[in-house]
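**Q** The structure is given below, and queries will be raised subsequently.
The values are calculated or read from the model by the stated rules, or taken from the named source; none is laboratory data. Note that the structure is a prediction, hence the values are computed from the model and not measured. A quick note on method: Cβ atoms are made from the backbone with ideal geometry, for glycine too, and the neighbour counts reach across all protein chains shown.
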Amino acid sequence: MINYKDLGLVNTREMFKKAVDGGYAIPAFNFNNMEQLQAIIMAAAETKSPVILQVSKGARQYANQTLLRYMAEGAVEYAKELGWENPQIVLHLDHGDSFETCKSCIDMGFSSVMIDGSHLPYEENVALTKRVVEYAHQFDVTVEGELGVLAGVEDEVSAAESHYTKPEEVVDFVTKTGCDSLAISIGTSHGAFKFTPEQCTLDPETGRLLPPPLAFDVLAAIEQQLPGFPIVLHGSSSVPQDEVDTINKYGGALKAAVGIPEEQLRKASKSAVCKINIDSDSRLAMTAAVREVFANKPAEFDPRKYLGPARDNMKKLYIHKIKEVLGSDNKA
Ligand SMILES: [Zn+2]
């Protein structure tokens, strides 16, 4: 049993309170490897932004849960080396699928967990979330619950269609479970193909697909029910068109990839939404940089020569998100 506080990590409680009060959102970036982690920490340290390092089920299977935990511990020390005196870093389990998974992460030093019971019948979701909260709170670990279903596929979380969170359920859920934050469904979705072309309208000026807007009325109704309570948005990549274009220019085949426009995420960040999950955008930034090197320098075989540019491109993306979309710079 290791407590996250001994590793220099923090939970989300203070961070979320400040974000809700200050009208900004904390970035929650997924990581699976060293370059991605370095890019996240460099970006957060440079902008003095609190940051949530997220570990998904796919990441645990790919990189190993124990190794990822030690990498996060290393990340705290690395952040200090970069001149960030008091790093505000959360190590968070993304989409915990059982009590046992959450417990094992809490026991090895995670400072925050998500228990995703959103696919279960309501009462079962309440019971499972409550059980995780009761365990986590003994160690001052914060818990994210979820109500409503997001569409899309990402790291073994998948649903064919989304169901918006019902505002009339949120008070009962939060009261019964004691969860610290709530992930809701208002039209975001997982992955880089968030909408079919049929769901979008064509922008005549750019020739690009515009997705349907997020359900800000549902968000407003939830905020009215739970004033000041921390709200989380999953599936909030914007799928930058320049990264998609680079990928396709250098041999990729990403067709009709559509994300959430940054303008809408900017608007959400100013509300009670205090954690915004971004994963696909970083995958696109990494892939675009690697493809460009492979296309332009086919004789290159030193991984540092293509993973280095990938890291630079991800760092640029993270800084952009922090400063231009979420507004979390200079908050840590
Ligand atoms: Zn998610």
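**Q** What number of residues within segment 121-177 satisfy the criterion of being modelled with pLDDT under 95, touching a Leu at 6+ places or on another chain (Cβ under 7 Å) and hydrophobic (A, V, I, L, M, F, W, C)?
**A** 1
**Q** Would you be able to tell me the number of residues in segment 25-59 that are modelled with pLDDT under 95 and not small (Gly, Ala, Ser)?
**A** 1
**Q** Suppose the filter is within 16 Å of the ligand (Cβ to nearest atom), more than 22 Å from Leu307 (Cβ to Cβ) and among the basic types (Lys, Arg); does Lys80 pass it?
**A** Here the answer is no, as Lys80 does not meet what is asked.
**Q** When only residues in segment 225-235 that are modelled with pLDDT of 95 or more and within 20 Å of the chain's Cα centre (by Cα) count, which is surrounded by the fewest Cβ atoms within 10 Å (Cβ to Cβ)?
**A** The extreme case among them is Phe229.
**Q** Run down Glu300, Glu243, Glu263, Glu324 and say which single residue is among the acidic types (Asp, Glu) and crowded, with 17+ Cβ neighbours inside 10 Å.
**A** The match here is Glu243.
**Q** While we're on this one: Mind checking which helices (runs of 4 or more DSSP H) fall wholly inside segment 253-332 and carry at least 2 residues that are closer than 30 Å to Gly187 by Cβ and within 16 Å of the ligand (Cβ to nearest atom)?
**A** Answer list for segment 253-332: 262-269, 280-296.
**Q** Still on this structure, I have one more. Report, ordered by the first and then the second residue, all pairs with beta carbons closer than 6 Å, sequence separation of six or more or different chains, a first member in segment 90-102 that is over 17 Å from Leu120 (Cα atoms), and a second member that is hydroxyl-bearing (Ser, Thr, Tyr) and away from the ligand (no atom under 11 Å from the Cβ).
**A** The qualifying pairs are Val90/Thr12; Val90/Ser111; Val90/Ser112; Leu91/Ser111; His92/Ser112.
**Q** What about Ser328, is it touching a Ser or Thr at 6+ places or on another chain (Cβ under 6 Å) and within 17 Å of Gly235 (Cβ to Cβ)?
**A** no
**Q** Give me the pairs: first residue in segment 170-196 and at positive phi and more than 13 Å from the ligand (Cβ to nearest atom), second residue at pLDDT 95 or above and β-branched (Val, Ile, Thr), beta-carbon distance under 6 Å, and six or more apart or on different chains, which are they?
**A** Gly178/Val133
**Q** If Gly58 satisfies every condition in (1) crowded, with 21+ Cβ neighbours inside 10 Å; (2) within 18 Å of the chain's Cα centre (by Cα) but one, which is the exception?
**A** Only one criterion is unmet by Gly58, namely (1).
**Q** Select from segment 35-77 the residues that are within 18 Å of Gln88 (Cα to Cα) and within 16 Å of the ligand (Cβ to nearest atom) and list them in ascending order.
**A** Those that are within 18 Å of Gln88 (Cα to Cα) and within 16 Å of the ligand (Cβ to nearest atom): Ile52, Leu53, Gln54, Val55.
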